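What follows is one structure encoded as structure tokens, with my remarks underneath.
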Amino acid sequence: MNTIEQNGIIRVDATTIAQLSLGLYRSTATAFKELVNNAYDADATVVRIDTNYPEFDFISCVDDGTGMPLDQFRRFFKDEGIGSCIKRKGGKDTTNIYKRPIIGRLGIGMLAIGQLCHSFQIESHYKEESGEYKAYRVTIILLDDTIPDREESIRNQEKDIEFARWEDFEEIDYDETKKGFRIYSTDVRLTFRHEMRSSIGKKEHERLSFSLSDLHSEFYDKSKISIRDCKPYLETIWELAILCPLPYYDKKGEYPINLVSFTSEEQESDEFKQAIQFIRDRQSRFLKDNFRVVFDGIDLQRHIQFPTGKEVIPKLYFIEFNDTVADLHLKFSGYLFAQTNAVRPLELNGVQIRLRGVGIGGYDSTFLKYYKEIETIRSRWVSGEIFVDQGLEQALNIDRDSFNEHDEHFKALQSFLHEKLNTVFDKINAIARERSEERRNKKDEKIKKSMQTIVVKESKGKFKLLQRDLKEGTPIVVVNEDKGKIILNTAARPLKKKKADMIIRAVELAYQIAKHTAKTDEERDNLFSQLIKEIFTELI
Amino acid sequence: MRDIDYDKYYAKHCARYYGWLPAIEKYKVEFNRRSLKYFTLCARQAIDVFMLEIEKLLLRDESKRLPNVVICEKDKNVALEILNLVRPPLKEAVIQGALEDILLFQDDNRTRGISPDTYVRNREIRDRLRIKMLSERLKMFFPFDIINFDPYGNFLNPDLNRNKLYQSLRKIFELQEQVSAFLLLVTTPIFDIHPDSDSQLRIDFESNVSKHKKIHDVLLSSVHTIAYDEIKNKKRIAIGFAKSIVLAAAKSTGWNCEHQGIYVYQNEHGNRFLSSVAKVYKTHVSLDESAYVEDIIRIIKDMPEYYSYKDSLKNKEVIEHLEKIKKYRKEVKNEYRK
């Protein structure tokens, strides 16, 4: 008889993790991001990703970090299986050389390449703990007719699902110039190739420049609303840059926040100063990390530029939280930027949560489900970044691209953010109202002046137009021929609807001028028609 | 061999500087080209590409990239290094694979009728289809103005009949059929020559001497002998290489050659390499024997030039030129970071 203990431990099968890891990532950029994270954790100073543009038939990711020692490879691929990560063993939280916060937790990141190719080679040149320099190379195969079909294996409820194979393992001579870890593949998935190639038409290929400043201009090209307009290849570059733990693109001290756009009064406020200081500190931390990601020869940097568009009123807010939540320390800080127009590109609208420097899931345009400003125009006016330095990791889903929304830390962050957003939106709503009022007044003033000009011109100087609030019962237009005045009674409201009301006044005004200016019927009809044309052109 | 530091390999740069460069300049003027279409099997340092750029033989387009430069590299690691050096200036993708396999690809039962864009579970077939794809792509790039055939292998080992490099050279001549002329640079090690290759060179040499009185006479007046073994090794191989490899492949595919120079240089380990530079042009169906004889005579009289490793280290002009290329290469990298 089968018995079951009263209490027990529930485990996850390694193949489950492997299954998940092979098709886990939302986009090409998020798959590449995992390889970048591994290089970051390995204290690499540079990781180079190449796709062999414009053919995309040869993918490589090469870093100059500490490499993957052979015993780690053995544990990973042979003994314990995928997901046996020891990066944080013994409570280790930072890397040995650059003291970077360790990103990896599960040890499935390397298989992200499996989303882009069917087989790949890895080569590691590293230093053993004993001080000995070693190197090896091996091929990992994910798709071959000798590997059982995964779906079939699952259906057959096989216990140990073979999901990949390695072959041609060989220990090779250590080469200092190859120090680190390299992955390369010529067995690229057709889907990846096709998607990338489809974005490089003849026209795009002819004009594409890889200089960093040209790319920045491309991303902020006014004809583009969204990065999607740049098509998949450039979109991948942009997204990868935004997600990676990299400094801002900031050639002239103008980005990500251009101070010149703020009033001096705004710049003097404590909150503004805190936010700017925070951004500068973060930039300096990223620079100190001494970490570069070079994608197809481009040194990636985070292309964020605020404000976007002319004649916007920008505002900057600071966020800071440091407390214990559910018995664990939660610490985050960040900024929120708002402007009186939609943020461009669209992908920067929302809030980006950065955990250990790495962007999780891109900018969330729902602001972690902020229900007060759903689908309003003004929700498009805000962007921000929140850097979580402690906590929240347990809320991170396996794809490192989303959060468990019922996690206590996530909830705490969410409500803190929403509280702040109330202030932000109250402020920008007020500004928007003010601006709208101002615009309306300006427009009214302009119309008033134009109407005066029209009246003087078409009455051949006989009348001047005045606008007055006259007592109740007075007609819309009052004519005083002796004094050469036509008074538009602004207190009279013949119709409730503003536009209809405006039309009635215009017709009445044209009629009275024509009537008191023209000498013959024909002249009067022509003048009326002319006045209607001119007044309506001005009004509408 | 490939672990040699080409950035300090001045003897090889002598061949580039004194041989390749003037010949390419001359070709550009003669055929009135604004920019050239260039195919190369360059080493990881891509010196030839940057040399042609600084000498304005390759021009960048409006996007500051080099169009019409195609690089093929067999070794994945080296291909990566080339990518890191020449990307993004290069406009075309690097062709990663063995040139011989790519050029000589022929469908078999597994690939016939299957498009390279087909999803296939079997990895071996996927590999073959990839070569098929590269083959189709490379063929689309032909013809070129300059072909720099500087492969890993040795033309003179193994024997000619089984030599895939020689077959590849023939294929290149065939694929160039749309043009009337081009410049061909071919490089090979000339140590470790296979006995069969050596015999072939000897047979071809003796056949030349007996068949062509002019060659016989020039040999006597220039090198004072017609005996293969009595001729200095470098010259003997230069004549043999031109006759049995370059001219043989050219003749069999309807081309004539006019050798502009043959350069022998030595690496730091004392091993020697030969680089031949020839203008190749269309000939009539009835092969022009006199042109062929004239070419052999030119080689006997004036070729090869020799650059020893030791002497090259003192060659200020060549060292400075190579330094200039390296400096430029670095500038190009930095330019894209702005």
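The values are calculated or read from the model by the stated rules, or taken from the named source; none is laboratory data. None of these values were measured; they are calculated from a predicted model. Heads up, the Cβs are rebuilt from the backbone with ideal geometry, glycines too, and the neighbour counts pull from every protein chain shown.
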Being more than 9 Å from every other protein chain (Cβ to nearest Cβ), more than 22 Å from B:ILE82 (Cα to Cα) and either in contact with a strand residue (DSSP E or B) (Cβ under 7 Å, 6 or more places away or on another chain) or of a type outside the set (Ser, Thr, Tyr) (or both) narrows B:ASP145, B:ASP108, B:ASP150 down to just B:ASP108
Matching residues in the stretch A:175-195 - criterion: being more than 11 Å from every other protein chain (Cβ to nearest Cβ) and part of a helix (DSSP H, G or I): A:GLU176, A:PHE192, A:GLU195
Any residue that is more than 12 Å from the chain's Cα centre (by Cα), surrounded by fewer than 21 Cβ atoms within 10 Å (Cβ to Cβ) and on the phi > 0 side of the Ramachandran plot - is there at least one of those in the stretch A:374-396? yes
Subset of the stretch B:43-75, residues part of a loop (DSSP other than H, G, I, E, B), under 20 Å from B:TYR9 (Cβ atoms) and either small (Gly, Ala, Ser) or touching a Ser or Thr at 6+ places or on another chain (Cβ under 8 Å) (or both), comes to B:ALA43, B:ALA46
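One line per residue, one yes/no per condition, for (1) within 26 Å of A:THR139 (Cα to Cα); (2) charged (D, E, K, R):
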residue	(1), (2)
B:ASN84	yes, no
B:ILE95	yes, no
B:GLU100	yes, yes
B:ARG112	no, yes
B:GLU124	yes, yes
B:LYS164	no, yes
B:GLU177	no, yes
B:SER180	no, no
Tell me which residues, restricted to the stretch B:32-42, are touching a helix residue (DSSP H, G or I) at 6+ places or on another chain (Cβ under 7 Å) and part of a loop (DSSP other than H, G, I, E, B). B:LEU36, B:LEU41, B:CYS42
Residue among B:ARG34, B:ARG44 that alone is under 23 Å from B:ASN84 (Cα atoms), free of Cβ contacts under 8 Å to residues at least 60 places away in the same chain and basic (Lys, Arg): B:ARG44
Are there any pairs with C-beta distances below 6 angstrom linking a residue in the stretch A:210-229 that is within 12 Å of chain B (Cβ to nearest Cβ) to a residue that is buried (at least 19 other Cβ atoms within 10 Å of the Cβ) and not aliphatic (A, V, I, L, M), with the two at least 6 apart or on different chains, and if so which? A:PHE210/A:GLY297; A:PHE210/B:PRO88; A:PHE210/B:TYR336; A:SER211/B:TYR336; A:HIS216/A:TYR249; A:HIS216/A:HIS303
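Yes/no matrix, rows are residues, columns are (1) within 23 Å of A:ASN526 (Cβ to Cβ); (2) of a type in the set (A, V, I, L, M, F, W, C):
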site: A:GLN452; (1), (2): yes, no
site: A:SER459; (1), (2): yes, no
site: A:GLN467; (1), (2): no, no
site: A:ASN480; (1), (2): no, no
site: A:LYS483; (1), (2): no, no
site: A:LEU488; (1), (2): yes, yes
site: A:GLN512; (1), (2): yes, no
A:LEU287 fails exactly one of (1) modelled with pLDDT of 95 or more; (2) within 22 Å of A:CYS61 (Cα to Cα); (3) of a type in the set (A, V, I, L, M, F, W, C), namely (1)
Give the residues of the stretch A:119-169 that are β-branched (Val, Ile, Thr) and either within 14 Å of chain B (Cβ to nearest Cβ) or part of a loop (DSSP other than H, G, I, E, B) (or both), sorted by residue number. A:ILE122, A:VAL138, A:THR139, A:ILE140, A:ILE141, A:THR146, A:ILE147, A:ILE161
Could you tell me whether any residue of the stretch B:296-307 is at pLDDT 95 or above, surrounded by 23 or more Cβ atoms within 10 Å (Cβ to Cβ), in contact with a Cys (Cβ under 6 Å, 6 or more places away or on another chain) and closer than 18 Å to B:ASP7 by Cα? yes
So B:GLU268 ticks every box in (1) part of a loop (DSSP other than H, G, I, E, B); (2) within 15 Å of the chain's Cα centre (by Cα) but one. Which box is left unticked? (2)
Quick one: what pairs do we get from the stretch B:103-118, first residue in contact (Cβ under 8 Å) with a residue 12 or more places away in the chain and over 22 Å from A:HIS118 (Cα atoms), second surrounded by 10 or more Cβ atoms within 10 Å (Cβ to Cβ) and of a type in the set (A, V, I, L, M, F, W, C), C-beta under 8 Å, 6+ apart or different chains? B:LEU103/B:LEU138; B:LEU103/B:ILE172; B:LEU103/B:LEU175; B:PHE105/B:ILE131; B:PHE105/B:LEU134
Being in contact (Cβ under 8 Å) with a residue 12 or more places away in the chain, closer than 28 Å to A:LEU116 by Cβ and surrounded by fewer than 18 Cβ atoms within 10 Å (Cβ to Cβ) is true for just one of B:ASP75, B:ASP61, B:ASP127. Which residue is that? B:ASP75
Positions within the stretch A:430-464 being within 13 Å of A:GLU534 (Cβ to Cβ) and out of contact with any His (no Cβ under 9 Å at 6 or more places or on another chain), in sequence order: A:ILE447, A:SER450, A:MET451, A:GLN452, A:THR453, A:ILE454, A:VAL455, A:VAL456, A:LYS457, A:GLU458
Of all residues in the stretch A:236-259, which are away from chain B (no Cβ under 14 Å) and either in contact with a Leu (Cβ under 6 Å, 6 or more places away or on another chain) or more than 27 Å from A:PRO101 (Cα to Cα) (or both)? A:GLU254, A:ASN258, A:LEU259
Could you tell me how many of the residues in the stretch B:52-76 are of a type in the set (D, E, K, R) and more than 14 Å from chain A (Cβ to nearest Cβ)? 3
Out of the residues in the stretch A:43-61 that are surrounded by 23 or more Cβ atoms within 10 Å (Cβ to Cβ) and more than 21 Å from B:GLU92 (Cα to Cα), state the one that is farthest from the other protein chains (Cβ to nearest Cβ). A:ALA44
What is the residue count in the stretch A:336-360 for residues that are outside any loop (DSSP other than H, G, I, E, B) and farther than 25 Å from A:LYS222 by Cα? 6
I'd like to check something: does the stretch B:144-164 contain any residue that is of a type outside the set (D, E, K, R), surrounded by fewer than 20 Cβ atoms within 10 Å (Cβ to Cβ) and modelled with pLDDT of 95 or more? no
Under the condition of being among the aliphatic types (A, V, I, L, M) and under 28 Å from A:ALA518 (Cα atoms), which residue from the stretch A:426-474 is nearest to the chain's Cα centre (by Cα)? A:ILE447
Flag if A:ASP221 is farther than 27 Å from A:LYS420 by Cβ, in a loop (DSSP other than H, G, I, E, B), under 21 Å from the mean Cα position of the chain (by Cα) and acidic (Asp, Glu): yes
What about B:VAL218, is it assigned to a helix (DSSP H, G or I), surrounded by 14 or more Cβ atoms within 10 Å (Cβ to Cβ) and at pLDDT 95 or above? yes
Give A:LYS460, A:LYS443 a once-over and let me know the one that is free of Cβ contacts under 8 Å to residues at least 24 places away in the same chain and exposed (fewer than 14 other Cβ atoms within 10 Å of the Cβ). A:LYS443
Conditions (1) surrounded by fewer than 16 Cβ atoms within 10 Å (Cβ to Cβ); (2) in a helix (DSSP H, G or I); number of the one not met by A:GLN414: (1)
